[in-house]
Amino acid sequence: MGMADAAAPARPVRIPDRFRTVTTAVSLAAPLALGAAVLVVATTALPAIRHFGPGFLVARDWNPVTQSFGALPFVYGTVVTSFLALAMALPVGIGVAVFLAEQGLVRTRTAIGVGVELLAAIPSVVYGIWGLYVLAPWLLVHVSRPLSERLSSVPFFEGPARQTNILIASVVLAVMILPTLSSISRDVIRAVPGGLREASVAAGATWWETIWKVVLPAGRSGIFGATVLAMGRALGETMAVTMTIGNRPEILPTLLAPAYTLASVIANEFTEATGQLYSSALIELGLVLMLVTLTVNVLALLLVRSVSREARA
């Protein structure tokens, strides 16, 4: 037995994969940081959570004098402006992405591509100044007032029209999320295999039919991903929306009335908050904003996965 054991080959010693260990540790940093941020915000907002309970999410009153606080008007303003901005930016962003990704007009595509990417470098406060002093007066005269006068029977356009309202804030947000949407969608469209385009053209399809029925369906998962990122940018935007939305905690069915968002009320009132309950209520609004963003991203992720499964099937 002793000789057999001596003759047996020694087992190789497995060297720990340091690269995998390092990458695993780095990848865990993001969820750990997110969890820590949520924990800190939730702990700081604990007085308001205990005082108002779940009713904080559905209450409409926001009165620091009477210490009565509710998040529903701000959730309404955040969701409406973000989805309206996405509805306006999505067709434009995809159209720009298709134009930039396809062949031809190299100089024109380069100039437009640089211009779109430069939109992402403009500070938020500059968008707010432009929206407040340039776009808002123009929209009031040429869009908001004509809509309120001619379509006042439609609840969405019921007057009186205000210069700062949900519509102007949504337009500014649409311009701000356009670079994210178009840049990522352009890269997704470029990644579609060229053989699909060639096969479609060889079958007699036109350029429009190839784009609409072949290229866009092939890249819809990536386009959904770009949409999710753009939505996240819109939900969390603060300064430009604060300067253009009117900052009024009301829930009105019209797009021509002022409103308020979660990020805007925190930016406007946090430095003036007096008392523990007032500050805690504002911090709880930050927690609500994180939960709203997380919910939208999870729903979008589930939608992307379902679309991917249908495409594979």
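The values are calculated or read from the model by the stated rules, or taken from the named source; none is laboratory data. Model, not experiment: these values are computed from the prediction. Neighbour counts run over all protein chains shown; Cβ positions are idealised from the backbone, glycine included. Ligands, DNA and RNA are stripped out before the accessible areas are found, and what is left, the full protein with its side chains, is counted by its heavy atoms. Shrake-Rupley method; radii C 1.70, N 1.55, O 1.52, S 1.80 Å.
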Quiz prompt | Residues within the stretch 229-249 that are in contact (Cβ under 8 Å) with a residue 40 or more places away in the chain, under 30 Å from Trp62 (Cα atoms) and open to solvent by 70 Å² or more (accessible area, probe 1.4 Å), tallied | solution = 2
Quiz prompt | Matching residues in the stretch 39-88 - criterion: being farther than 26 Å from Pro253 by Cβ, free of Cβ contacts under 8 Å to residues at least 40 places away in the same chain and open to solvent by 70 Å² or more (accessible area, probe 1.4 Å) | solution = Leu39, Val40, Thr43, Arg50, Val65, Thr66
Practice problem: Tell me, yes or no, whether the stretch 83-98 has at least one residue that is assigned to a loop (DSSP other than H, G, I, E, B) and within 22 Å of Gly246 (Cα to Cα). | Solution: no
Exercise. Please determine, by comparing only the residues of the stretch 280-313 that are touching a Ser or Thr at 6+ places or on another chain (Cβ under 8 Å) and small (Gly, Ala, Ser), which one is modelled with the lowest pLDDT.
Key: Ala311
Quiz prompt | Residue check for Ala257: part of a loop (DSSP other than H, G, I, E, B), under 22 Å from Met88 (Cα atoms) and open to solvent by less than 30 Å² (accessible area, probe 1.4 Å) | solution = yes
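I'd like the residue in the stretch 155-208 that is among the aliphatic types (A, V, I, L, M) and open to solvent by 50 Å² or more (accessible area, probe 1.4 Å) and, out of all such residues, is nearest to Pro91 (Cα to Cα).
Across the stretch 155-208, the extreme among qualifying residues is Ile184.
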Quiz item: Taking the stretch 114-131 as the region of interest, how many residues are open to solvent by less than 40 Å² (accessible area, probe 1.4 Å) and out of contact with any Pro (no Cβ under 7 Å at 6 or more places or on another chain)?
Solution: 5
Quiz item: What is the one condition in (1) out of contact with any Leu (no Cβ under 7 Å at 6 or more places or on another chain); (2) at pLDDT 85 or above; (3) among the small types (Gly, Ala, Ser); (4) not in a loop (DSSP other than H, G, I, E, B) that Gly225 does not satisfy?
Solution: (2)
Self-check item: Pairs with Cβ under 7 Å, 6+ apart, first in the stretch 263-290 and under 15 Å from Ala59 (Cβ atoms), second acidic (Asp, Glu) and open to solvent by 20 Å² or more (accessible area, probe 1.4 Å)
Solution: Leu282/Glu269
Practice problem: Output the helices (runs of 4 or more DSSP H) that fall wholly within the stretch 134-199 and possess 3 or more residues being among the β-branched types (Val, Ile, Thr), in contact (Cβ under 8 Å) with a residue 40 or more places away in the chain and on the phi < 0 side of the Ramachandran plot, or say none. | Solution: 166-190
Quiz item: Checking Arg150 against (1) over 18 Å from Val80 (Cβ atoms); (2) buried (at least 19 other Cβ atoms within 10 Å of the Cβ); (3) basic (Lys, Arg), which single condition isn't satisfied?
Solution: (2)
Exercise. State yes or no: is Ala226 open to solvent by less than 40 Å² (accessible area, probe 1.4 Å), closer than 20 Å to Gly128 by Cβ and of a type in the set (A, V, I, L, M, F, W, C)?
Key: no
Practice problem: Go through (1) modelled with pLDDT of 90 or more; (2) over 30 Å from Asn297 (Cα atoms); (3) of a type in the set (A, V, I, L, M) one by one and return the number of the condition Met176 breaks. | Solution: (2)
